[in-house]
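For reference, the structure is listed below as structure tokens.
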Amino acid sequence: MSRLSRVASQACIGGLFVAIAMPGFAVGIEATAPGAQQPAPPHSTAAPAAPDGPDARAFLDTYCLACHNERLRTAGLVLEGRDIGHVAGDAETWEKVARKLRSGAMPPPERRRPEPAALDAFVGWLEGELDREAAAHPRPGRIADHRLNRFEYGNAVRDLLDLEIDAAALLPADESDHGFDNIADVLSMSPTLLGRYLFAARRISQLAVGDPTVGPAVETFDLSRGLRQDERMSEDLPYGTRGGALIRHYFPLDGDYVVKIRLGRNFTNSRIRAIDTREEIDVLLDGAIVSRFTIGGECVASDEPHCARSGIYRTAPYHLTADDALELRFPAPAGMHDLGVAFVRKSVLTEGMAPTLLPPRHTSSTYEAPRMDVDTIRLEGPFDPTGPGDTPSRRRIFICRPAGAVDEEPCARRILQALARRAYRRPASDGDIETLLGFYRAGRREGDFERGIQEALARLLVSPRFLFRIERDPEGIAAGGAYPIGDLDLASRLSFFLWSSIPDDALLDAAVAGTLREPDVLEAQVRRMLADPRAAALARNFGGQWLHIRNLRAVDPDASAYPDFDDNLREAFERETELFLESQMREDRPLEELLTARHTFLNERLARFYGVPHVYGAHFRRVPMPDPNRAGLLGHGSILTVTSYSTRTSPVVRGKYLLDNILGAPPPPPPPNVPALEEAAGGEEPASMRELMAAHRRNAACATCHRRMDPLGFALENFDGIGRWRTMDGMTPIDASGALPDGTAFDGPAEFRAALVERRAEFVRTFTEKLLTYALGRPVGHDDMPAVRAILRAAEPDSYRWSSLILGIVESAPFRMRAARAETGGSEGERRAQ
């Protein structure tokens, strides 16, 4: 029996897995006899034994009404007079109560607090009442017509056409909501954006088919001035090189291309940096050397006219124009290739034995680099093209070849049927194919068979059936009623959840056969998809947004405060967290290891920053982390950097981040006109960040939220603004002590992490809610909380492993069901797709 079959056989009512809570019975999968109650352990997601109604009222009267009464209305919540016997009538309020109590945030530490057993019993009863109502009357929500976001669009094109594109160069960034950029409600389609999609479709169809009319184009690749080019810049560049870049580029046709290299210059006089030293520069294609240039040092002790120095900076013409000679024309076949430009490393030492002292970043106008570096790489072409070549995309598209004119349209129909089935995520109708054939015929009149296919492909790529995920309500469903979605819609939800892309043939075949909703088939598909390399999108796309790792590209630590920070370190931070998340998912580890794992992924640059010895080279590898302070995600430089200001740490930012993303208890927005930190301190600058924050909390408008945020942020205060370990804040020793919202004390990152693990149910619940938001493409609300609890109960026996939580989400009512439209008229996306 499959995992989903087992869960389904335990308790499935109305599509929701629930644990029944009744007076006198242990709450769980199986009821025990009266008098044999087994209370759940503290902070367990399983609901404990249920008190009766009067006991529930007594609990509220004792512990809640002192603040939440008609007179005080603390936090705008009034529990006095509410009908505790019918919590389903105000599920939103009671879900908030359950969350506050379960997290330990309420009652506050200074108030009278119930015993853990009493608290768990009350919350268990409350959640059980809410779960029973949700099971009897499921409210799975309704997802709006979902435009593919930029990331999904790029992946869909890759999987449809076997063509990698730079979607960021073709389409603008998408808006985000509730932390994710795949929320359907904000993925609108403006006329301007539609124009970008039309341009992208035209360009992609040209590349995929190999349009012979494509003329030479120029692309310039700028290297960040924040990069230190004293080491191998990519794992795909040869050993024995340094600096430069590896560019993954699609060459549209067989032909000649020209690469032009411009070297870095001083900011004041445009002199090529380190031009008096002799360097060798390799140009490589797919790892093979195409040419080697020699440059620099020609004007040392030379009397040649081009070496004559003049002007205030004593600069010779050679110093300004020597890199004009760094230009090369070379042949290349059509398709995706790796173009490399790198300096030959002159050191005889093995890679990794570089000095620990690094040169400064390029922040000073008088800075003279100790080594030559690359500023830009320009690529032009194709010149003298000889044809479209034999590319993976052409092999994917042209599954047949017409022998003559009479065979062309039947072959075109076959090609377009195959493409439309994958692109539209369902078998294409005759009308779908006729629409595409109309564009094929128009293109065929202007050119040859391949031109016709190109025009039809461009039309397919702007079809609403491709750009939007549209789920239609079946006939006979009452307005607002809940119904299970069909196999084809389930296949799309599943593929965009796990892969951020379209279903493959295996998934689509199961959906077309009508077997995907069968528990054994669905579980097998989920496990197959998680084992596929495309599942890396889940760790990278979900993890990058949940943990704010994407924001790392925008942070700019002050060079004076953090001279060791550069773009090499920025990229290493991001890669470390991506690899760590992907390994946790692929190895199907318990979720708490995100906080406790004593290993990470490092290259030489990052290991040197963390103080980990014996790690050499540019490639990342799994490395033990013996320091308990660095365990898990909270020791990653990526997270510690995005939660800091450019010149200092911020316990407020870090505390808010932890409340929102780890504990699932985000604080409310700050009140208006809150003074800045220094102003709140009253003009006297205290000796440490802790004293600054203590002064800030003396403002009554600030104290309520800051007493929750600041202690959590101080737990990480031993890490500076870019994640380097420290024990002093200026002249003051770091004090990393604090307390969780429920009053649990800690001192330092290791104790803080241990306290979080003791309350891992809060972390797992937060993670599950974030993952469910991402999976659905809509915010989760109080109606989804019964499903979240069911997912957690089902995953708890398996130690909350990734696969258990993912399978639980896939089997949940919000994922498997949908609410019918409340009014008639159809959605905008449905009208577009007609």
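Laboratory data are not the source of any read-out in this text; all were calculated from the coordinates shown. These numbers come from a predicted model, not from an experiment. Please note: Cβ atoms are built from the backbone with ideal geometry, for glycine as well, and neighbour counts cover all protein chains shown.
Using 0.36 nm per residue, how much length does the chain from Thr386 to Ala513 gain when fully extended, once their Cα-Cα distance is taken away?
Working: separation 127, 0.36 × 127 = 45.72 nm, distance 4.48 nm.
Difference between extended and current length: 41.2 nm.
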For Ala288, the net charge from surrounding residues (Cβ-Cβ under 15 Å; K, R +1; D, E -1) works out to -3
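Can you tell me the convex hull volume per residue for the range 216-261, based on C-alpha atoms, in Å³ to the nearest whole number?
Values: hull volume 5.0 nm³, N = 46.
Dividing the Cα hull volume of the range 216-261 by its residue count gives 108 Å³.
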Burial order of peptide ranges 193-202, 514-523 (average beta-carbon count within 10 Å, highest first)
514-523, 193-202
Could you grab the Rg to Rh ratio for the range 731-817? Cα atoms only, Kirkwood for Rh.
1.13
Can you give me the three principal axis dimensions of the range 503-555 from its C-alpha atoms, in Å, biggest first?
49, 19, 16
Give the aspartates and glutamates whose C-alpha is closer than 12 Å to that of Lys656, dropping any in the same chain fewer than 8 places away, or say none.
Asp710
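If we count every other residue with Cβ under 12 angstrom of Val521's Cβ, Lys/Arg +1 and Asp/Glu -1, where does the sum land? Don't skip to the end; give the middle numbers.
Details: positive: Arg517, Arg527, Arg528; negative: Asp487, Asp509, Glu518, Asp520, Glu523.
Net of charged neighbours comes to -2.
For the range 438-526, what is the Kirkwood estimate of the hydrodynamic radius, computed as the reciprocal of the mean inverse distance between distinct Cα atoms, to one decimal in Å?
Numbers: mean 1/r = 0.0644 Å⁻¹.
One over the average 1/r among Cα pairs gives 15.5 Å for the range 438-526.
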Expressed to one decimal in nm², the mean projection of the alpha carbon convex hull of the range 498-655 is 11.2 nm²
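Given the convex hull over the Cα atoms of the range 105-219, what projected area results after averaging over all orientations, in nm²?
On the way: hull surface 55.6 nm².
Computing the convex hull of the Cα atoms and averaging its projections yields 13.9 nm².
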From zero up to wherever the largest Cα-Cα distance of the range 737-780 sits, split into 10 Å bins and tell me the percent of pairs in each.
27, 37, 24, 12
Would you list the P(r) distribution for the range 380-463, with all Cα-Cα distances sorted into 10 Å bins from 0 and each bin expressed as a whole %?
17, 49, 27, 7, 0
